[in-house]
């Protein structure tokens, strides 16, 4: 899990949110994270991160989501709005 966190850290906040969405969708749809990545065309989330996360058990994946979400919770929402505006 430490390797995934290391790879996630340099991603933008919106990319991190996208990764979290993929993990949650995979749980909801009972598929792999890779399947969700391909289905939703989240090409900005690397296959390496997805593959490592797919290798985790269910509880580990949810713990990973909680850790990343906790870090994102410290992000000012204005930062995300500015990032999204600049990306357009």
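The values are calculated or read from the model by the stated rules, or taken from the named source; none is laboratory data. Bear in mind the structure is a predicted one, so any value in this text is a computation, not a measurement. No Cβ is skipped: glycine too gets one built from the backbone with ideal geometry, and neighbour counts run over all protein chains shown.
Couple of notes before you dig in:
- The listed residues are 34, 60, 71, and the only one of them that is part of a helix (DSSP H, G or I), surrounded by 12 or more Cβ atoms within 10 Å (Cβ to Cβ) and at pLDDT below 95 turns out to be 71.
- Matching residues, the stretch 1-25, being touching a residue at least 24 places away in the same chain (Cβ under 8 Å) and under 16 Å from residue 56 (Cα atoms): 1, 3, 4, 5, 7, 8, 19, 20, 22, 23, 24
- Counting only residues that are without any contact (Cβ under 8 Å) to a residue 12 or more places away in the chain and touching a helix residue (DSSP H, G or I) at 6+ places or on another chain (Cβ under 9 Å), the stretch 39-51 holds 2 of them.
- If the condition is being more than 12 Å from the chain's Cα centre (by Cα) and in contact (Cβ under 8 Å) with a residue 12 or more places away in the chain, then the stretch 26-38 contributes 27, 32.
- Here residue 11 meets the list (1) out of contact with any helix residue (DSSP H, G or I) (no Cβ under 7 Å at 6 or more places or on another chain); (2) part of a helix (DSSP H, G or I); (3) within 16 Å of residue 70 (Cβ to Cβ) almost entirely, failing just condition (2).
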